[in-house]
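**Student:** Would you mind keeping the following structure in view while I ask a few things?
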Amino acid sequence: MRRRFVGVVVSDKMDKTRVVVTERMERHPLYKKELRRKTKFYVHDEKNESKEGDTVLIEEFRPMSHLKRFNLVKVLRRKQFEEVEEDDQALHEA
């Protein structure tokens, strides 16, 4: 069974490669505090369909290069853009 993770795309500057960050919670063995841990994965995106900020599902895959070991399965949620430009225009008109 191949490992699957859900993460957020933090970089889409490379061609057919995305950098995806996944978060998990761990409990400290001695102090029992919940710690947030992050892992960065290099993911192969054949169609360049994901963009920065998207939530994606990735799956373990054969090594594609020195760092790429995961493949993009699907984009779960697109990034929601804020309508900042409209607010700026309203301020300038007033």
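Readers should treat all values here as calculations from the given coordinates under stated rules, not as data from a laboratory. Owing to the predicted nature of the structure, the values given are computational and were not obtained by experimental measurement. Cβ coordinates were reconstructed from backbone atoms using ideal geometry, including for glycine residues, and neighbour counts include every protein chain displayed.
**Student:** So how tilted is helix 84-93 from the main axis of the chain? Cα-based, degrees 0 to 90, rounded to 10.
**Tutor:** Its long axis makes an angle of about 20 degrees.
**Student:** To continue, here is another question. Would you mind ranking Met1, Met64, Met25, Met14 by Cβ crowding within 10 Å, fewest neighbours first?
**Tutor:** Ranking Met1, Met64, Met25, Met14 by Cβ neighbours within 10 Å, fewest first, gives Met1, Met25, Met14, Met64.
**Student:** When DSSP beta bridges are limited to those with both residues in segment 4-93, what percentage is antiparallel, rounded to the nearest 5?
**Tutor:** Of those bridges, close to 95 percent are antiparallel.
**Student:** Something else about it: Can you tell me which of Ser11, Ser65, Ser50 moves the most in a GNM of the chain? Springs connect C-alpha atoms under 10 Å apart.
**Tutor:** Residue with maximal mean-square fluctuation among Ser11, Ser65, Ser50: Ser65.
**Student:** Dividing the convex hull volume of the alpha carbon atoms of the chain by its residue count, what do you get in Å³ per residue? Can you show the working numbers first?
**Tutor:** Values: hull volume 14.7 nm³, N = 94.
That works out to 157 Å³ per residue.
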